[in-house]
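S.K.: Structure incoming, see below.
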């Protein structure tokens, strides 16, 4: 396990929701509106997490069936407990080897997952394998290189100012391929035909500094994992640095930007 990845703790569903899930829920409907898949199709969702995209698919896309997989039993339990719909089935599964038959799905999608998969090319090739000949794939990732999660960038900037070693742990350094060009190259290398990309932008609004800070203390994700690893004095120093640096609205709220890159692809014709 690398020093960068050892903080990637993705098991506690409630902690993840407090950190990223609430913002993922803003992006998922926007992705589906752009993706614009026809209704009554068989879907596979790779890396469902706590169900942000799952819920949006059921509400907006009208699937005939939906299989949602994730390697985290904790995330699957959270999603299953939250979502009761006869069209969806949840199970633990690997993006790189889903276990689904060849050509069994009309649509394969993935939300905010691909950058965390160890072998991204293998995961995209797996999407291609399970798609029917006229099927389509789509996914989206945060714009890490461009600072697309402003609250996360603020955290790592403050952490790096206090601990230079923290700079290597930030997602912008770890996932430089999360650009339209980098993602399109991955898609084409996997034998899929690139069919378009777009930016999806939203806003993360925190009620106050406590609402901003608390998710970083829960340990779910790279930045919270790093925060939880600090000695109490260092953690308090990081908190004070952030509290001093972050701009506030007149009502005390903190407004930060969000940006993700979305791509769609089809089965490449031989």
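S.K.: With axes computed from alpha carbons, what is the tilt in degrees of helix 73-82 against the longest principal axis of the chain, rounded to the nearest 10 within 0 to 90?
M.R.: That helix lies at roughly 80 degrees to the long axis.
S.K.: Can you give me the relative contact order of segment 5-267 as a percent, contacts being Cα pairs under 8 Å and 6 or more apart?
M.R.: 23 percent
S.K.: Pop a pseudo-label 7 angstrom from the Cα along the beta-carbon direction at both residue 167 and residue 119 and give the gap in nm to one decimal.
M.R.: Each label point is offset 7 Å from its Cα along the Cβ direction, giving 3.4 nm.
S.K.: Using a 10 angstrom cutoff on alpha carbons, build the Gaussian network for the chain and name the most mobile of 223, 159, 84.
M.R.: Evaluated over the chain, the most mobile residue of the options is 84.
S.K.: Let me ask you something else. Assuming R0 = 35 Å, what is the FRET efficiency of residue 199 and residue 236, from their Cβ-Cβ distance, to the nearest 0.05?
M.R.: The pair residue 199/residue 236 has a calculated efficiency of 0.45.
S.K.: At a threshold of 8 angstrom on Cα-Cα distance, excluding pairs fewer than six apart, so keeping six or more, what relative contact order does segment 124-255 reach in percent?
M.R.: Here the relative contact order equals 24 percent.
S.K.: Along Cα→Cβ, 7 Å out, is where each label goes; now give me the distance between the ones at residue 104 and residue 243 in nm to one decimal.
M.R.: A separation of 5.3 nm, rounded to one decimal place.
S.K.: Please give the Cα centre distance for segment 69-87 versus segment 113-187, rounded to the nearest Å.
M.R.: Using only Cα atoms, the two centres lie 23 Å from each other.
S.K.: Turning to a different aspect of this structure: Cα axis of helix 120-130 to longest principal axis of the chain: angle in degrees, 0 to 90, nearest 10?
M.R.: For helix 120-130, the angle is close to 30 degrees.
S.K.: With r as the distance between the Cβ atoms of residue 26 and residue 77 and R0 = 30 Å, compute the FRET efficiency 1/(1 + (r/R0)^6) and round to 0.05.
M.R.: Taking R0 as 30 Å, the efficiency between residue 77 and residue 26 is 0.80.
S.K.: Moving to a separate point now. Given a Förster radius of 45 Å and the C-beta distance between residue 188 and residue 92 as r, what FRET efficiency does 1/(1 + (r/R0)^6) yield to the nearest 0.05?
M.R.: The computed FRET efficiency comes out at 0.90.
S.K.: In square nanometres and to one decimal, what's the mean projected area of the convex hull around the Cα atoms of the chain?
M.R.: 13.9 nm²
Each value in this text was obtained by applying a stated rule to the coordinates, not by laboratory testing. These numbers were taken from a predicted model, which means no experiment stands behind them. In this analysis, Cβ positions are derived from the backbone assuming ideal geometry, glycine residues included, and neighbour counts consider all displayed protein chains.
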